[in-house]
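A.B. asks: One structure follows; several queries about it will come next.
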Amino acid sequence: MKFPVRTAAVSFLAVFSILITLNPLLSGSQKQLPSYYQKIKDLTARIEPEIVAIRRDIHAHPELAFQEYRTAGIVADYFQKLGLEVRTGIGGTGVLGVLKGGLPGPVLAMRGDMDALAITEETDLPFASREKIMVNGKETGLMHACGHDIHTSLLLGVAAVLSQIKNQVPGTILFVAQPAEEWGDGADKMLRDGVFRNYRPEAIFAFHVDDTLKAGYVHYVPGYSGANCDTFFLTIHSEGCHGAAPDQCVDPILVGSQVVLALQAMISREINVHDHTVITVGYFHAGTATNIIPDKAELRATIRSYGDEQRARLKEKITRTIAGICQSHGASYDLNYQFGTPSLYNHPELLKAILPSVERVLGGKDRLIEDRPEMGGEDFSYFAREIPAVMLGLGVVPPHLEKTSVHSPTFIADEQAIGLGIRLMSCLLMDYASQPAGRRVKDFKK
Ligand SMILES: [Zn+2]
Ligand SMILES: [Zn+2]
């Protein structure tokens, strides 16, 4: 369709002025962006190839929890070259890099985890892992199937960018390279080993790759976003007897089956519908033959919930239910109930304070997605119990895929997310550190 030139020019101007009015990023606020936004963008573009190369190297050489010696070495060397104060061997293989800014301001922290998984990689990436380890006497592969290679690289990237503008950085930024997230206790070990002994951050931030969003998108969850990951190990004992004479002994399979069903009924009848709870008995082993009632049944379960009160309540209810069922059958049992990784709480006020920065870097609200909480575990929660914390989900689904799955041998991440993640975290830290103390979230323990 052809328009007379003048009409086209007029409508273009009209549309342009409407756009300017509607989109604050195109109007005044673009000019109001702090000068470091452009600087961070330029610096990120400059270091991105190097950081991507490091990511590929880490990806090709994955290491299991608490064995991240090579990775920790790369991190420590890199921090040292940047001129950061460096501490190593924290909580095993953890590394802390301290960047002291040239302006007065708070202590803030960024965390990246370093460990990989015992999974044999099945991607055809040129830097796919070929590493092997023995697990329970069986050879298996090792793979960065949860994106921790990207998290570690982002840590280096942000440290590199902010080091280059350190005279403009308010306060101190801590870069925390953490071991053993997959085992759920690397963060706890670092805290116990005094990672924040000399510098206590008043807020801590982290990314986790998001395997449902394309690169260029970020998700966030206000409040609880990861569950308490608790466990029980239950053994139901019997003397064992002939399958044709079941009155002669306790049947531990029957008792165990009733435990499984009673726990599901307990969730539907005893737990408030708003109190997210999952109990999965994922392990139920008993018996050797069709005609033998075995002398024991072993059950193991994962119990997922949010908050300390709910986990304590569940422990009490599960213990009572198991005791009642076993007692009614005259069965003896051993129950070992363990609290694991606590639930992850994204501090809502801190989140509110930093989301405008994320939005500015993403270039608008439509790339920032509020998500629902999940019942998965993430040991960043140990930091979040000590210090106001926020974890953001960084989209990594490559353009040619609908989705990709973490913890799968075919997990692939779009490296476009790396540059974006570096810019996001750098701007976020700079913006938040620049806020006056009264507008920052108060530390729980101060
Ligand atoms: Zn994982
Ligand atoms: Zn992970």
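Please treat every number below as a calculation from the coordinates, not as lab data. What you are looking at is a predicted structure, and each value in this text was computed from that prediction instead of being measured. Because the Cβ atoms are built from the backbone with ideal geometry, glycine has one as well, and the counts that use them run over all protein chains shown.
A.B. asks: Go ahead and collect, in residue order, the members of the range 273-305 whose backbone nitrogen is under 13 Å from a label point 7 Å along the Cα-Cβ direction of ASP334.
C.D. replies: 296-299, by backbone N distance to the label point.
A.B. asks: What does the highest-first list of 194-205, 326-337 look like by mean Cβ count within 10 Å?
C.D. replies: Working: 194-205: 19.3, 326-337: 14.8.
Most protected by this proxy first, the peptides run 194-205, 326-337.
A.B. asks: Looking at the chain only, what percent of DSSP beta bridges run antiparallel? Nearest 5 please.
C.D. replies: Details: 46 of 69 bridges.
Around 65 percent antiparallel, to the nearest 5.
A.B. asks: Can you tell me the dipole magnitude for the chain around its Cα centre, using point charges on the Cβ only (Lys, Arg +1; Asp, Glu -1), in Debye to the nearest 20?
C.D. replies: On the way: 44 positive and 50 negative charges, 428 e Å.
So the dipole magnitude of the chain works out to roughly 2060 debye.
A.B. asks: Picking from PHE127, GLY89, TYR78, whose Cα lies most toward the positive end of the charge dipole for the chain (charges on Cβ: Lys, Arg +1; Asp, Glu -1)?
C.D. replies: It is TYR78.
A.B. asks: Return the inverse of the average 1/r over all pairs of distinct C-alpha atoms in the range 228-338, which is the Kirkwood hydrodynamic radius, in Å to one decimal.
C.D. replies: Values: mean 1/r = 0.0690 Å⁻¹.
Kirkwood hydrodynamic radius for the range 228-338: 14.5 Å.
A.B. asks: Here's something else I'd like to know. Mind checking the range 103-186 for GluC sites (Glu not before Pro) that DSSP puts in a loop (not H, G, I, E or B) and that have at most 14 other Cβ atoms within 10 Å? Kindly include the intermediate steps, with their values, before the conclusion.
C.D. replies: Details: sites: GLU121, GLU122, GLU131, GLU139, GLU181, GLU182; in loops: GLU121, GLU122, GLU131, GLU181, GLU182.
For GluC sites (Glu not before Pro) across the range 103-186 that sit outside H, G, I, E and B with at most 14 neighbouring Cβ atoms in 10 Å, the list reads GLU122.
A.B. asks: Arrange the following residues from fewest to most other Cβ atoms within 10 Å of their Cβ: ARG87, ARG111, ARG269. Write out the running numbers ahead of the final one.
C.D. replies: On the way: ARG87 18, ARG111 25, ARG269 7.
Ascending Cβ contact count within 10 Å gives the list ARG269, ARG87, ARG111.
A.B. asks: Subtract the Cα-Cα distance of ASP443 and GLU359 from 0.36 nm times their separation in residues, and report this length gain in nm to one decimal.
C.D. replies: Values: separation 84, 0.36 × 84 = 30.24 nm, distance 2.46 nm.
Answer, rounded to one decimal: 27.8 nm.
A.B. asks: Rg and Dmax of the range 168-254, using alpha carbons, in Å: what are they?
C.D. replies: Gyration radius and largest Cα-Cα distance of the range 168-254: 24.4, 81 Å.
A.B. asks: At 0.36 nm per residue, minus the direct Cα-Cα distance, what do LYS132 and LEU261 gain on full extension? Give it in nm, one decimal, please. Could you put the intermediate results ahead of the total?
C.D. replies: Working: separation 129, 0.36 × 129 = 46.44 nm, distance 4.01 nm.
Using 0.36 nm per residue and subtracting the Cα-Cα distance, I get 42.4 nm.
A.B. asks: Place +1 on the Cβ of every Lys and Arg and -1 on the Cβ of every Asp and Glu in the range 228-338, take the dipole about the Cα centre, and give the residue among VAL273, TYR283, ALA245 whose Cα lies farthest towards its positive end.
C.D. replies: Value: VAL273.
A.B. asks: A follow-up question, please. In nm, to one decimal, how far is the modelled label at PHE233 from the one at ARG269, with both set 7 Å along Cα→Cβ?
C.D. replies: For the pair PHE233/ARG269, the computed spacing is 3.1 nm.
A.B. asks: Compute from the Cα atoms of the chain the Rg and the Dmax, the latter being the longest Cα-Cα distance, and quote both in angstrom.
C.D. replies: 26.0, 99
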